[in-house]
1. Residues A:I195, A:I144: which one is touching a helix residue (DSSP H, G or I) at 6+ places or on another chain (Cβ under 8 Å), over 19 Å from A:G85 (Cα atoms) and either away from chain B (no Cβ under 14 Å) or not basic (K, R) (or both)?
2. Within the stretch B:25-45, identify whether any single residue is aliphatic (A, V, I, L, M), in contact with a helix residue (DSSP H, G or I) (Cβ under 6 Å, 6 or more places away or on another chain), more than 26 Å from A:L166 (Cα to Cα) and away from chain A (no Cβ under 14 Å), and answer yes or no.
3. Hey, does the stretch A:66-74 have a residue that's of a type outside the set (G, A, S), over 23 Å from A:E180 (Cα atoms) and surrounded by fewer than 17 Cβ atoms within 10 Å (Cβ to Cβ)?
4. Taking the stretch B:50-70 on its own, how many of its residues are under 17 Å from B:A10 (Cβ atoms) and more than 14 Å from every other protein chain (Cβ to nearest Cβ)?
5. State which residue pairs qualify: first residue assigned to a helix (DSSP H, G or I) and inside the stretch A:15-39, second residue among the aromatic types (F, W, Y) in any location, beta carbons under 6 Å apart, and separation of 6 or more residues or different chains.
6. Take A:F175 and tell me if it is of a type in the set (F, W, Y), closer than 23 Å to A:G101 by Cβ, part of a helix (DSSP H, G or I) and within 11 Å of chain B (Cβ to nearest Cβ).
7. With the condition kept exactly as written, say whether any residue in the stretch A:155-167 is at the interface with chain B (Cβ under 9 Å from one of its Cβ atoms) and either of a type in the set (V, I, T) or on the phi > 0 side of the Ramachandran plot (or both).
Amino acid sequence: MLEVLPLTIPNPTPSWNPLEDVAILFHYDFMVHAFQAGTVVAIVAGSIGYFVVLRGSSFAAHALSHIGFAGAAGAVVAGLSPVVGLLAFTLGSGVAIGALGNRLRGRDVTIGIVLAWTLGLGVLFISLYRGYATEAYALLFGEILGISERDVIVTLIAGVITLVTLVTVYRPLLFSSVDEELAGAKGVPVTGLSIAFMAILAVAVTEAVQVVGVLLIFALIVTPAAIAIRFTSRPPFAIGIGIGLALLFTWLGLSIAYFSPHPVSFFITSLAFFTYLGVRLSEPLRRALR
Amino acid sequence: MAISARDLAASYAGRSVWSDATFDIEPGSFTAILGPNGSGKTTLIRMILGLLAPASGRIEVFGRTPRRGDPTIGYIPQRPGFDPELSIRGRDFVELGVDGWRWGVRLGGRAKAAAAAEASIEAVGAAGYADHPLGRVSGGEQQRLLLAQALVGSPRLLLMDEPLSYLDMRNQRTIVQLIRDLARRRGLTVLLIAHDVNPLLPYVDRVLYVAAGKIATGAPGEIITTERLSEIYSAPVEVIRDSHGRVFVVGLEEETSHPHA
């Protein structure tokens, strides 16, 4: 096994034979692991992203990852695994945001205030940590090419737990996301669900940070779902399209990055952005053709 | 009785909203809940839904203590309209009225839920736009889909919180007629909050007038008069009728200072 932990890959040149290219792509273990972890993360991110968009919680999702950054940086200073700090902080803040309620006016202001402070904490922790700046860089922008086999297994377990939980709460979560007042009157425990949802989101965010980092989390969680709901208003289809797009962005991003000197995160976020842009710009055209 | 209240009192955040409410709602009747903003109309609805416990007194819905998630109650909450970006079909929303509170995904009951939703959508005449995103249909169309959702579980009681407030006059009239027709055909008891009684006057059997910490009840013609309202609320209330027969109540708004409706 090769010990390769680069942020950018030594760029091989693609051939015109696709089969050969795939063989090149999976030549190194780190690429195999990247594809495995990336696939799990894309499925989780794509499916939870639908509810993030439906509930109007995209700022909360964004904030979770940033708050998680402080936790991860703190864990590094304390000599722990950054994932432990990341998960602790995202879960803690997720539960707190969930308890604030989904429709509370001024919720985003409260989240923003906490977010700013925790980012300040993150800066402090980074300055206290005299090790490699790459640690912070990897947290901010993702380190999918540095994923070990053990990381893949942990990601897979976390991914399965997230998906099983999401399936379990699917119907009442959908109901309370559309109309919280009505769902509550029908006996849905709306506050409990709101907390549970943010907890699931916290785990999903922690996973996704490995791939795209805390700063770029939007590209995998929010963008695929935001594109999907422009094509269908049927929830299961929208979730399916969201997962498909997240997978596409991740796989394509990894593949392109492998044959180029630039970072994976750049390609994943660019694919997400330009797909969204294309869909929005083509809307008047598609409407005219209908 | 569909609903019966004895010496019922409500409080919100430690303050009394209204008290000494004693009234009966007969099965199959159409009742308008009227009163100024903040007088506690929604509070009454929430109490019937079992979302709020009485501060004192007793309330029964079909002979039982109200409980959350009562399948005999169909409910339309107050809302200024769905978010235009809300991307879920009206049909999916109505289906959530069938079993949206159950855990998991819909496995075996999919066809049954779809059939129930379809029947309800047909009954309110919403078939033409039930497959459009809920956020993109008009206010009147949203109100019909909300009604389809409220009716889908075959309830005996229909509670509606200001279903007419965000509609234009023409839509107000058609929605009220639709509610009245459906209620008659199905033997439903209807309680409807409104801030304007006029579109309802031809249809309502009874009025619950919530104001100044009290709830008064009676037939619309006997309760909405200068003498009765002045007497009940011991305030200089005036009921004005214009040349079209429309009714306006003046003088109760200043009497209330409760922060929550």
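1. So the residue among A:I195, A:I144 that is touching a helix residue (DSSP H, G or I) at 6+ places or on another chain (Cβ under 8 Å), over 19 Å from A:G85 (Cα atoms) and either away from chain B (no Cβ under 14 Å) or not basic (K, R) (or both) is A:I195.
2. There is at least one residue in the stretch B:25-45 that is aliphatic (A, V, I, L, M), in contact with a helix residue (DSSP H, G or I) (Cβ under 6 Å, 6 or more places away or on another chain), more than 26 Å from A:L166 (Cα to Cα) and away from chain A (no Cβ under 14 Å).
3. no
4. Looking only at that region, the number is 9.
5. A:L25/A:Y258; A:V32/A:F26
6. Spelling it out, A:F175 is indeed of a type in the set (F, W, Y), closer than 23 Å to A:G101 by Cβ, part of a helix (DSSP H, G or I) and within 11 Å of chain B (Cβ to nearest Cβ).
7. Yes; the residues of the stretch A:155-167 include at least one that is at the interface with chain B (Cβ under 9 Å from one of its Cβ atoms) and either of a type in the set (V, I, T) or on the phi > 0 side of the Ramachandran plot (or both).
Here's the yes/no breakdown for (1) on the phi > 0 side of the Ramachandran plot; (2) of a type in the set (G, A, S):
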site: B:A115; (1), (2): no, yes
site: B:A130; (1), (2): no, yes
site: B:S138; (1), (2): no, yes
site: B:R144; (1), (2): no, no
site: B:S154; (1), (2): yes, yes
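The values are calculated or read from the model by the stated rules, or taken from the named source; none is laboratory data. These numbers were taken from a predicted model, which means no experiment stands behind them. A quick note on method: Cβ atoms are made from the backbone with ideal geometry, for glycine too, and the neighbour counts reach across all protein chains shown.
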